[in-house]
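Below is one structure, written out as structure tokens; comments come after it.
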Amino acid sequence: MGSASVAAGYLYQFGTAIPGGGEFRVSRTFVNADAMGTTGFPAWLGLGLTYDREEYAFSAPSGLSVPAPWGTIHRIGFSPSIIHSISPDWRVLVSPSIGYAGEEGADPGDALVYGVVLSATKTIGPDLSLGLGAGAFRQIERWRVFPFLSVRWRINDRWRLSNPLRVGPAGPAGLELAYSLDENWEAAAGGAYRSYRFRLDEDGIVPGGIGENRGIPLFARLSRTWRHGWRADVYAGVLLGGKLGIENGRGDQVGSASIDPAPLAGLFVTRKF
């Protein structure tokens, strides 16, 4: 017995100013596939595959000390997982991952991202499970360790509090409060912290350097489900506390800038099997 899903989406970050000069915008395309199956023991095995393509457009001059510091970024991830029930109420998750995060033209060997997620979750009742976990990832010349809270709380027939995002190199899973409008429609709002590091083009303006983009996306979501496992999610929101950074190939900072709040909008389509 098992389950699987595939999803594709598009997220647009509207143009926002960079203090010190210029502005930038981002177009993101996402594709992912997940599968989960039992092993015949009190454990489940899973596999996740992701591909993200980000296209950055900078206007000149840039407040990052260099004009148009990067262009198109590719991120690929592979993450097997095992969930083991150590008792009727407790489950342990172990999920290593490895991937690539780099601009077109980056050296693949210098653009590896890898790490592991560990968590323990307790089922408190039919409508509530809580857990604690931690992720540790090597993000392009830098280790990052963060804790996270795992939540699945069906408050009542309408309201639900849960984690909207996958825990991984970009950060913890965030929190989302959802309201069921009827059997097909759902509205929600939430947020998370995201941080991306990526290797730059070997022949770019900062050869073999490192780019970074981080911030706190806050969002509202409207979702529609259909029979046969189809679902569509429309998102609108804003990125707060955003910051861009660029380092040279030795890890020395070349420039950094805090960015103004940036509006976001997106559409995701998922098919579950």
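Structure notes:
- Scope region 184-200; condition under 30 Å from T225 (Cβ atoms) and not hydroxyl-bearing (S, T, Y); matching residues: N184, W185, E186, A187, A188, A189, G190, G191, A192, R194
- Residue check, G215 surrounded by 14 or more Cβ atoms within 10 Å (Cβ to Cβ) and over 17 Å from the mean Cα position of the chain (by Cα): no
- Residue within region 173-187 that is under 24 Å from A101 (Cα atoms) and surrounded by 20 or more Cβ atoms within 10 Å (Cβ to Cβ) present: yes
- Tally of residues being open to solvent by 50 Å² or more (accessible area, probe 1.4 Å) and free of Cβ contacts under 8 Å to residues at least 40 places away in the same chain across region 47-70: 6
- Given (1) touching a residue at least 60 places away in the same chain (Cβ under 8 Å); (2) in contact with a Lys or Arg (Cβ under 7 Å, 6 or more places away or on another chain), number of the condition P217 does not satisfy: (1)
- Matching entry among P96, P126 (being of a type outside the set (A, V, I, L, M) and more than 24 Å from S195 (Cβ to Cβ)): P126
- Inter-residue pairs, beta-carbon under 6 Å, first under 24 Å from I83 (Cβ atoms) and in region 19-46, second part of a loop (DSSP other than H, G, I, E, B), 6+ apart: T38/M1; L45/T39
- All positions within region 195-207 that are open to solvent by 20 Å² or more (accessible area, probe 1.4 Å), modelled with pLDDT of 95 or more and assigned to a strand (DSSP E or B): none
- On the stretch given as region 9-68, residues that are among the basic types (K, R) and in contact with an Asp or Glu (Cβ under 8 Å, 6 or more places away or on another chain) total 1.
- Residue count for region 125-153 under the criterion of being free of Cβ contacts under 8 Å to residues at least 40 places away in the same chain and of a type in the set (D, E, K, R): the result is 3.
- Qualifying positions in region 28-46 - open to solvent by 30 Å² or more (accessible area, probe 1.4 Å), part of a strand (DSSP E or B) and not aromatic (F, W, Y): T29, V31, N32, A33, D34, A35, M36, T38, L45
The values are calculated or read from the model by the stated rules, or taken from the named source; none is laboratory data. The shown structure was predicted, so the numbers you read here are calculated from the model rather than taken from an experiment. A quick note on method: Cβ atoms are made from the backbone with ideal geometry, for glycine too, and the neighbour counts reach across all protein chains shown. Surface areas here come from the heavy atoms of the whole protein model, side chains and all, with no ligands, DNA or RNA. Shrake-Rupley method; radii C 1.70, N 1.55, O 1.52, S 1.80 Å.
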